[in-house]
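Right, one structure below, let's go through it.
The values are calculated or read from the model by the stated rules, or taken from the named source; none is laboratory data. Everything quoted here is computed from the prediction, not taken from an experiment. Reconstructed Cβ throughout: ideal geometry from the backbone, glycine too, with neighbour counts over all protein chains shown.
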């Protein structure tokens, strides 16, 4: 069955131009049906007079939630925004997944209000793929959905991350690591100490605490952390990658000899840049909500939008949502987790 992806045409710094371009690339190259949601006139303008494209539809959504608006307030005040209309299409069964490069907080709020959480999951997490050494991939979660977490939430993130890596990437018995300030089980704040104990007692392949330096070495398949920490890690990594390639470019242009050497190495440098570029991985999936939602980088260009649509298609085709629903039933109840039974609330 052809995956039906609804795309927020008005979300992101480069909307609607780059969003429309990426959607057109996806329709032509991914075998998906795409519904662009947003201001119809602006979308049609970016299509440069193209009247009809097979596999592409446009649905009117007159309002836009801007990047700097308060998430929950904007979602409630603008029911006809592109984010709300797009997620409603998923809820109504008219689309299989939603993709946006718009306001992250608003996208999460709309997903929670409209789609709800998977039964048994306390909070959703933003999960993204992080390139590491030797061509391996590590999933980081949470990278921004929850600035503060309770131990049960991180345990649930670990279970969902492991199920995702098995289903999407065929990783058998994936290795789970807990990001902390030291490898010893006793290192870290009370949150990481409690989560470490709970994961030690779980059925997961928990390898223990990992440090920041380990994330780029591919020592684990899933790295679990709270959303505040995860967002800092992700944005720091993006900044370092940009700095590295900027400095390499400057060095190559410094002398004629460097330019000659750069030409020889150019094809290999492009391969490395592609592997480290966020645009290749399509953003982060909001795992834990009862629907497929992919949130791309606010600066997404057409290639990043294409990649986000591909990630959504793959999640649909691999039945990731069914897998996450199943694994939610297997996560131990809070009172069964070591050291974290005092608070009965999963919220």
Can you name the number of the only condition in (1) in contact with a helix residue (DSSP H, G or I) (Cβ under 9 Å, 6 or more places away or on another chain); (2) more than 18 Å from residue 300 (Cβ to Cβ); (3) part of a loop (DSSP other than H, G, I, E, B) that residue 75 fails?
(3)
Here are some conditions: (1) crowded, with 24+ Cβ neighbours inside 10 Å; (2) within 24 Å of residue 106 (Cβ to Cβ). Residue 195 meets all but one. Which one does it not meet?
(2)
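Output the number of residues of region 226-238 satisfying the condition of being surrounded by fewer than 13 Cβ atoms within 10 Å (Cβ to Cβ) and either under 18 Å from residue 296 (Cβ atoms) or under 15 Å from the mean Cα position of the chain (by Cα) (or both). Steps first, answer last, please.
The initial filter retains those residues of region 226-238 that are surrounded by fewer than 13 Cβ atoms within 10 Å (Cβ to Cβ), namely 235-236.
Checking the rest, the ones that are also either under 18 Å from residue 296 (Cβ atoms) or under 15 Å from the mean Cα position of the chain (by Cα) (or both) come to 235.
Residues in region 226-238 being surrounded by fewer than 13 Cβ atoms within 10 Å (Cβ to Cβ) and either under 18 Å from residue 296 (Cβ atoms) or under 15 Å from the mean Cα position of the chain (by Cα) (or both): 1 in total.
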Complete set of residues in region 5-46 that are touching a helix residue (DSSP H, G or I) at 6+ places or on another chain (Cβ under 6 Å) and part of a loop (DSSP other than H, G, I, E, B)
9, 10, 16, 30, 32
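Please report, ordered by residue number, the strands (runs of 3 or more DSSP E) entirely within region 121-179 with at least 3 residues that are more than 18 Å from the chain's Cα centre (by Cα) and either more than 21 Å from residue 107 (Cβ to Cβ) or modelled with pLDDT under 95 (or both). Even if it seems obvious, please write down each step before you answer.
Values: elements: 125-131, 137-141, 175-179.
Once the strands (runs of 3 or more DSSP E) in region 121-179 are filtered for at least 3 residues that are more than 18 Å from the chain's Cα centre (by Cα) and either more than 21 Å from residue 107 (Cβ to Cβ) or modelled with pLDDT under 95 (or both), what remains is 175-179.
Per-residue answers, yes or no, for (1) under 24 Å from residue 316 (Cα atoms); (2) surrounded by 21 or more Cβ atoms within 10 Å (Cβ to Cβ):
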{"position": "9", "(1), (2)": "yes, yes"}
{"position": "14", "(1), (2)": "no, no"}
{"position": "34", "(1), (2)": "yes, yes"}
{"position": "43", "(1), (2)": "no, yes"}
{"position": "55", "(1), (2)": "yes, no"}
{"position": "66", "(1), (2)": "no, no"}
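Give region 189-217 a look and list any residue that's under 21 Å from residue 122 (Cβ atoms) and touching a strand residue (DSSP E or B) at 6+ places or on another chain (Cβ under 8 Å), or say none.
Initial filter on region 189-217 (under 21 Å from residue 122 (Cβ atoms)): 189-204, 206.
Residues satisfying the conditions are 192, 195, 196, 199, 200, 204, 206.
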Have a look at 93, 105 and point out the one that is in the same structural domain as residue 55 (by TED's automatic domain parsing), within 30 Å of residue 209 (Cβ to Cβ) and without any contact (Cβ under 8 Å) to a residue 60 or more places away in the chain.
105
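When you look at residue 337, is it under 30 Å from residue 200 (Cβ atoms), surrounded by 15 or more Cβ atoms within 10 Å (Cβ to Cβ) and at pLDDT below 65, yes or no?
Yes, satisfied.
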Tell me the residue from 185, 194 that is in a loop (DSSP other than H, G, I, E, B), in contact with a helix residue (DSSP H, G or I) (Cβ under 6 Å, 6 or more places away or on another chain) and at negative phi, please.
185
Note on region 289-317: residues modelled with pLDDT of 95 or more and in a loop (DSSP other than H, G, I, E, B) are 290, 291
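I need a count of the residues in region 157-173 that are in contact with a strand residue (DSSP E or B) (Cβ under 8 Å, 6 or more places away or on another chain), crowded, with 20+ Cβ neighbours inside 10 Å and over 20 Å from residue 232 (Cβ atoms). It would help to see each step written out before you state the result.
Of region 157-173, the ones in contact with a strand residue (DSSP E or B) (Cβ under 8 Å, 6 or more places away or on another chain) are 157-158, 160-162, 164-165, 169, 173.
Within this subset, residues satisfying the condition of being crowded, with 20+ Cβ neighbours inside 10 Å are 157-158, 160-162, 164-165.
Still in the list and also over 20 Å from residue 232 (Cβ atoms): 160, 162, 164-165.
Within region 157-173, residues that are in contact with a strand residue (DSSP E or B) (Cβ under 8 Å, 6 or more places away or on another chain), crowded, with 20+ Cβ neighbours inside 10 Å and over 20 Å from residue 232 (Cβ atoms) number 4.
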Exactly one of (1) more than 15 Å from residue 114 (Cα to Cα); (2) at pLDDT 90 or above is unmet by residue 84. Its number?
(1)
Tell me whether region 234-252 contains one or more residues that are at pLDDT 90 or above and assigned to a helix (DSSP H, G or I).
no
